[in-house]
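Read through the structure below, which is laid out as structure tokens, and then see the notes.
The values are calculated or read from the model by the stated rules, or taken from the named source; none is laboratory data. These figures come from a predicted structure and were not determined experimentally. FYI the Cβ positions are ideal-geometry reconstructions off the backbone, even for glycines, and counts take in every protein chain you see. Ligands, DNA and RNA are stripped out before the accessible areas are found, and what is left, the full protein with its side chains, is counted by its heavy atoms. Shrake-Rupley method; radii C 1.70, N 1.55, O 1.52, S 1.80 Å.
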Amino acid sequence: MTFRHLAVVAILLTFSLSAGFVATRIARSVDTNILSLLPGDAKDPVAADAMQKASMAASSRIAFAIEGGTATGRGKAVAALEAALIASGHFRSSTDDGKGLWVWLFAHRTDLICADDKAKLEAGQGASVAQAALLEWYAPMSSARGAMIASDPMLRTSRLLSCLLPKGMATMPRGDARIVSGSLIGPAYSLDVQDRIAAIVEKWKQEASYKDLQLSRAGAVFHAAYGAEHARAEMSLISLVTTVAVLLFYWVMFRSLRAPLIAVGMVTFSLTVGLAATLLVFGSVHAMALVFGAALIGMVVDYTTYYLVTGLAHPDYSVAERKAQIYRPLTLGMLTSVAAFAALFFFPVAAFRQIALFGGVGLVSAWVSTLVLTPVVEGRPMRVGPGALMAKTYAGRFLGSDFSGRMLVGVLLASLVIVVVALQRGETLDDVRRFQAPSSQLVKEEAHIRSLIGFAPTSSFILVQGGSRDEATMREENLLTRLQAQGQGDAVIWAASRFDPSQTMRAYDRDLIRTKLIEPYLGGVLDALGEGRADAYAAAKDAKPVASPAFVVGLRGETGTTFWSVVPVSDGALTLPDVAGVRLVNPAQRYSALLELYRTLATYGLAGAVAATGVMLLFVYRSVASLKILMPTVLALLVSPALLALAGVPYSFFSVMGLFLVVGAGVDYAIFQWENPGQEGDWTHVGIVLAASMTCISVGLLGLSSVLPVRSFGLTVAVGILISLLLSPLVRVSFVKDLFGGKHGD
Amino acid sequence: MRRAGNLLGGVVVAAGLLPAVALAACPPPDALKISEFERSFVQEKHVSGLDKPLRSQGEMSVNENEIIWHMKKPFDVRTVMNATGITQSVDGAAPVPVGPESLNIAGGIAKSMASIMRGEWSALAQIFAIDKNAEQGDGDWAVSLVPHDDRLGALIGRIVVHGCTDVSHVDIVRPDGDSESISFGPVKP
């Protein structure tokens, strides 16, 4: 068996293993979290972790409102929906959460206290607290129960439940609405979870007896599903259009079905290996990385194109001679492109790191399969099709033309004007809230549910840090006290320390409750009730440990040696008191600031990428003149974002990410032009045009995306590639020859 | 004999008609049209674990804007529920907002109680399954209310409203066996 045969077997084996791996993992490994498109804060890991945890906790909440029809019908519909959600294994009812909270409060009824009651006990007004409990026993339809006589005759548990829950939260909506609420077990941004919940809701809607009912939904899972649905549609559209374009272009170019089939085969191989590598390294793949994968079709097919075109140019050449024709430019082009993708790794954005690996591995796979597999499966060289002739005649004529020095000056002046006008009129965009327009229907339904339950979630929070859990908790308690003192206590929605205080606070409150309430007033309450145990609260000391309520766990975390807690607040512009280890975090502002910072850094990084490519060119060609290859790319880098800004596409961090690919992929055309000057390059131009067309079509289709990062990224790459192609003849410009000299100046 | 038979037949028929006549004396529960009233009440709460019921008494008054539950014995507590919230005044002191601060159950229950006293069965049907043919006695009607929501059902159980021209008393039976009985005096002029 020859090396060639071994290589072919290795490729096929790699493909089989990759395909098998992808098939078994992809269904449960797709991430749809928009936060994965935003930069992490490597300099502030505590804030980054806190934002992540706060987001995860908020995203797990889910609620439905069922209205209309008859009360009996609503009751049945609610029961059916809740049962189906619980049976899915992805849902925990808030009733269960409520039970868990009740168990926790009951276990801690002698060491937790409401703020108002605490103030009364400290002021020596324990009698009024005891009387309030007694009145509750006498109130009609109150929560007082016979079972509490023995263990909680002063109704401490129900009192804690009433004062510690957020104000304004309604547990019972208005009469003609029923609420099903709870939390998701499993990530809301997993396609698997989204599909299961969506299927349950859809099946529920199809039930004939619920036709007269209206269902409203609230929860990040529905927004994520909406985004994922768009991503799927975009991916399908891009794949379909690009595949059709590949089949059509290749058939027209080569007048053979073999060419498009080879191209599709190479694309399938490259994308499968790239996706498998991404799943292997990251464990998951973002939906937008998959959308990008669809766009990658147009990029990986380029290499096959260049090889097949050598058959048109030199039908009498052997395989080795044809490979030799393209080996250097193809390899250099691949290396510059992979380097460009690798640059995306330097930015802490999960989805872009996945794209970097996906694209990089995909391109290397395409390069390997083009040089090893394509010659094997090609058979005899392709024939010249009508499209190839047309491309050679028109596109080839343009790409083969020499730009005069005067034309170069014209191009430079025009570029300058475009850039200057764009700097004045264009805008930059770093505000994450403008990245994806949510479903208006979902927004409406969510607002309706909020009006029913009277509680609006918030994304702003106070981050409290400490060297130990107890220190962080004490700081949180200090913060709450100070906020209360300055009249901003109501802005605090939840606080873990209210349910699980510090050791010091717990000991103080326990003593306060014992000495100022239970010891002096329990006897009187029992006398008034005529029954009860004097040791009702003694048993609480020996109670078995109870698991913390899930939401308390969700408010706390640990990063390295730092313990922290999140205190959600309703006012994102709160004036914080001077408490050590405390700061206000507004995730939207923070992400926007990070995006601005990374946009600036990445823009500077582009200069570095161009310089690195220049060094690579110098290393390969050993000629200063080869730096002319960079000229079309540099102009594309300047002009494409400027043109897009003038067309209303703002310059963002994602535009810069796209420009990195323009550096890597756009330079390929100039390299081929450099390698094949004059008449020799006629057929090369056909390859360039075909390759650039495929890239522009596939990546340009990302411009249809509803997600701004994807749209911005795709349009930037497509326009940048197009400009790189159109300006690629600049490598032969006479003006440059005058400056640098060299054989390629003509 | 025939006369005796006719007489007996007449007695039997009359006897059969007696309940109907008695019932006819009570208008159906749907006929309750009272919107504003003031009535005395006596409440007894039977709580498992307590030998004696918790007995309280006072006055309930309802008008278009507010519901007042004024327990006078064994404590003087005046609870006022209106659109702005719930306040409580103990022993004639200034009213203060009361808890449950974050739960609207108390307000919901108070509204339900007012609706019960007004005979607003359609409104109550949004929250309760209503059976107007519940067990009757002494010619009065009885309406049973069971919450549609299981969680509310676990909290307040089943309510049975008894009355004739007005609601005379309300029984509340909880799933855990605790119960309440509230008897109302005549409507004050």
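Relative contact order of chain A: what whole-number percent is it, with Cα pairs under 8 angstrom and at least 6 residues apart?
Result for chain A is 22 percent.
Looking only at Cβ-Cβ distances, which cysteines of chain A have no other cysteine closer than 4.7 Å?
Result for chain A is A:696, no neighbouring Cys Cβ within the cutoff.
Would you list, by chain and number, the aspartates and glutamates whose Cα falls below 15 Å from the Cα of residue A:516, excluding same-chain residues fewer than 8 positions away?
By straight Cα distance, residue A:516 reaches A:111, A:116, A:117, A:122.
Where q = 0.12, 0.13, 0.18, 0.23 Å⁻¹, what log10 of I(q)/I(0) comes from the Debye formula for the stretch A:513-620, counting one point per Cα?
With one equal scatterer per Cα and no solvent, log10 I(q)/I(0) is -0.84, -0.89, -1.04, -1.24.
Using the Cα centre of chain A as origin and beta-carbon charges of +1 (Lys, Arg) and -1 (Asp, Glu), tell me which of A:547, A:411, A:465 is placed farthest towards the positive end of the dipole.
The listed residue farthest towards the positive side: A:411.
Which Cα, out of A:188, A:239, A:298, lies furthest along the positive dipole direction of the stretch A:162-310 (beta carbon charges, K/R +1, D/E -1)?
Value: A:188.
Going from most exposed to least, what order do A:514, A:622, B:55 have by accessible area with a 1.4 Å probe?
Final ranking, largest accessible area leading: A:622, B:55, A:514.
Just the C-alpha atoms of the protein assembly as shown: what Rg/Rh do they give, with Rh taken as the Kirkwood radius?
Checking Rg against Rh, the ratio lands at 1.15.
Return the lysines within reach of residue A:628: Cα separation strictly under 18 angstrom, same-chain partners fewer than 8 residues apart disregarded; answer none if there are no such residues.
Hits, sequence-local ones excluded: A:737, A:743.
Two decimals is fine: what's Rg over Rh for the stretch A:587-675, C-alpha atoms, Kirkwood radius as Rh?
Taking Rh as the inverse mean 1/r over Cα pairs, Rg/Rh reads 1.07.
List the relative contact order of the stretch A:141-237 as a percent without decimals, with contacts defined as Cα pairs under 8 Å and 6+ residues apart.
Taking the mean separation of contacting Cα pairs over the length of the stretch A:141-237, I get 22 percent.
If we count every other residue with Cβ under 12 angstrom of residue A:32's Cβ, Lys/Arg +1 and Asp/Glu -1, where does the sum land?
-3
Which of the three applies to the stretch A:271-412, rounded, prolate or oblate, going by the alpha-carbon gyration tensor with a ≥ b ≥ c and a/c under 1.5 meaning rounded?
Because a/c hits 1.5 or more and a/b fails to exceed b/c, the stretch A:271-412 counts as oblate.
Please report, in debye to the nearest 20, how large the charge dipole of the stretch A:377-512 is about its Cα centre when each Lys and Arg carries +1 at its beta carbon and each Asp and Glu carries -1 there.
1020 debye
Going out from 0 in 5 Å bins, what whole percent of all Cα-Cα distances in the stretch A:630-700 drops into each bin?
Spelled out per bin, shortest first, that is 3, 15, 22, 23, 18, 10, 6, 3, 0.
Can you give me the three principal axis dimensions of the stretch A:359-436 from its C-alpha atoms, in Å, biggest first?
Dimensions of the stretch A:359-436 along the principal axes of its Cα atoms: 56, 43, 22 Å.
Under Stokes-Einstein, with the Kirkwood radius over Cα pairs standing in for Rh, what whole-number D in µm²/s applies to the stretch A:482-559 at 20 °C and 1.002 mPa s?
D = 137 µm²/s.
Per residue of B:67-79, count partner chain C-beta atoms within 10 Å of its C-beta, then hand back the mean as an integer.
2
Quick check on the stretch A:393-465: what does the Kirkwood estimate of hydrodynamic radius come out to from the alpha carbon pairs, in Å?
The Cα-based Kirkwood calculation yields 18.8 Å.
With +1 on the Cβ of every Lys and Arg and -1 on the Cβ of every Asp and Glu, and nothing else charged, how large is the dipole of chain A about its Cα centre, in debye rounded to the nearest 20?
1280 debye
Looking only at other chains, what is the average number of their beta-carbon atoms within 10 angstrom of each beta-carbon in A:128-141?
Counting other chains' Cβ atoms within 10 Å and averaging over A:128-141 gives 6.
Hey, what's the Kirkwood Rh for the stretch A:413-555 if you take every pair of different alpha carbons, in angstrom?
Here the Kirkwood hydrodynamic radius works out to 21.3 Å.
Which whole number gives the average count of other chain Cβ atoms within 10 Å of the Cβ atoms across peptide B:47-59?
So the per-residue partner count for this stretch is 4.
Provide Rg and Dmax in Å for the stretch A:345-500, with only Cα atoms included in the calculation.
Using the Cα atoms of the stretch A:345-500, the pair Rg, Dmax is 30.8, 86 Å.
When each pair of different Cα atoms in the stretch A:159-311 is counted once in the 1/r mean, what is the Kirkwood radius in angstroms, to one decimal?
Taking every pair of different Cα atoms in the stretch A:159-311, averaging 1/r and inverting gives 19.9 Å.
Using the Cα atoms as the points, what is the convex hull volume per residue of the stretch A:1-138 in Å³?
Considering the Cα atoms of the stretch A:1-138, their hull volume per residue is 302 Å³.
R0 = 30 Å: FRET efficiency of residue A:123 with residue A:52, Cβ-based, nearest 0.05?
Efficiency, from the Cβ-Cβ distance: 0.10.
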